[in-house]
Amino acid sequence: MPRQKAPIHERRQRPVPTEPAAFMHGHFLKADFFSRSDFGRFTTPEVEVEAVRRDIGFSRLWLRPIASWFGRRERRALERLAGIQDTPELLYASRRVIVRSWIGGRAMQEAEPRNPAYFREARMLLIKLHRAGVAHNDLAKQQNWLVKDDGTPALIDFQLASTRRRRTRTFRTMAREDLRHLLKHKRMYCPDALTRSEKQMLATPSLVSRIWRKTGKVAYNFVTRRILHWQDGEGTGELAPVERKPAAPKR
């Protein structure tokens, strides 16, 4: 029988293991140019949970600095989110490997949530995220939003997340974009539930967002789709293994 999660105040105090612990491999989830992810069980004397192990040692050698950068951002974000439900719990971290708790559910594009309550709870989850000093920065992707078995939301994939100690103007802009992307999904699945203020936010993207669409997004799509031949949404991670053989780790 799986062990119960510790109370929030205890989880905040529990240090992230820095020495190797037992990860029992279950099955392969996905592999891309930056890492390989596997599902299994993570066991220490204090905890035994279903988990996801991400290993950047499988990244292409010329992309290793970027993969390491992704890993550091994910680790910092998950450390800040300790104790916040419906976000992954950081279980183990090293320069090469990150192990975080598994969150069961279906990606938004598969579950297609039509209940306005889902989006109300998702907004509350974002508020908790931002109060912890974390902006996700990748919520346009529906696969980063999960619909759990009880119909409630959860968030995964914090590789692009930003962490801040203070609510600077830049952080507030990133937090606003997190919310605006959630409202885009709400417009798709529950358009009648949008409020007047939410419609106004959707109609007024930030300057950063407008610049990104005209410059950064074009470059991003060119690199990921034309050079790396990689499509957003391939291998959603929390759903099922991708039918693709991972590359051998670089030595």
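The values are calculated or read from the model by the stated rules, or taken from the named source; none is laboratory data. None of these values were measured; they are calculated from a predicted model. For neighbour counting, all protein chains shown are included, and Cβ atoms are generated from backbone atoms with ideal geometry for every residue, glycine included.
What to note about this one:
- If the condition is being under 9 Å from the mean Cα position of the chain (by Cα) and surrounded by fewer than 24 Cβ atoms within 10 Å (Cβ to Cβ), then region 129-138 contributes only D138.
- Taking (1) surrounded by fewer than 18 Cβ atoms within 10 Å (Cβ to Cβ); (2) under 23 Å from R76 (Cα atoms); (3) over 13 Å from the mean Cα position of the chain (by Cα); (4) not small (G, A, S) in turn, R196 satisfies each apart from (2).
- Qualifying positions in region 142-151 - crowded, with 18+ Cβ neighbours inside 10 Å and either in contact with a Lys or Arg (Cβ under 8 Å, 6 or more places away or on another chain) or not in a strand (DSSP E or B) (or both): Q142, Q143, N144, L146, V147
- Number of residues in region 95-106 that are more than 15 Å from the chain's Cα centre (by Cα) and either among the charged types (D, E, K, R) or under 16 Å from I156 (Cα atoms) (or both): the value is 2.
- S197 vs. criteria outside the structural domain of R41 (by TED's automatic domain parsing), closer than 29 Å to A82 by Cβ and of a type in the set (S, T, Y): no
Yes/no matrix, rows are residues, columns are (1) among the hydroxyl-bearing types (S, T, Y); (2) within 17 Å of the chain's Cα centre (by Cα):
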position: T44; (1), (2): yes, no
position: R64; (1), (2): no, no
position: A77; (1), (2): no, yes
position: D86; (1), (2): no, yes
position: A93; (1), (2): no, yes
position: M108; (1), (2): no, yes
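- Filtered residues of region 160-173 (kept if surrounded by fewer than 20 Cβ atoms within 10 Å (Cβ to Cβ) and in a loop (DSSP other than H, G, I, E, B)): L160, R164, R165, R166, R167, T168
- Members of region 163-185 that are modelled with pLDDT under 95 and of a type in the set (S, T, Y): T168, T170, T173
- Among the residues of region 99-124, those that are touching a strand residue (DSSP E or B) at 6+ places or on another chain (Cβ under 7 Å) and among the hydrophobic types (A, V, I, L, M, F, W, C) comprise V99, W102, I103, A107, M108, A111, A122.
- Among the residues of region 125-135, those that are touching a strand residue (DSSP E or B) at 6+ places or on another chain (Cβ under 8 Å) and either outside any helix (DSSP H, G or I) or of a type in the set (D, E) (or both) comprise G133, V134, A135.
- Candidates M188, M201, filtered to the one that is at pLDDT below 95 and assigned to a helix (DSSP H, G or I): M201
- The number of residues in region 174-185 that are within 12 Å of N137 (Cα to Cα) and either of a type in the set (A, V, I, L, M, F, W, C) or part of a loop (DSSP other than H, G, I, E, B) (or both) comes to 4.
- Qualifying residue in region 144-153 (condition: under 19 Å from V52 (Cα atoms) and among the polar types (S, T, N, Q)): yes
- Residues of region 28-50 that turn out to be surrounded by fewer than 18 Cβ atoms within 10 Å (Cβ to Cβ), without any contact (Cβ under 8 Å) to a residue 40 or more places away in the chain and either in contact with a helix residue (DSSP H, G or I) (Cβ under 8 Å, 6 or more places away or on another chain) or closer than 14 Å to G104 by Cα (or both), as a count: 1
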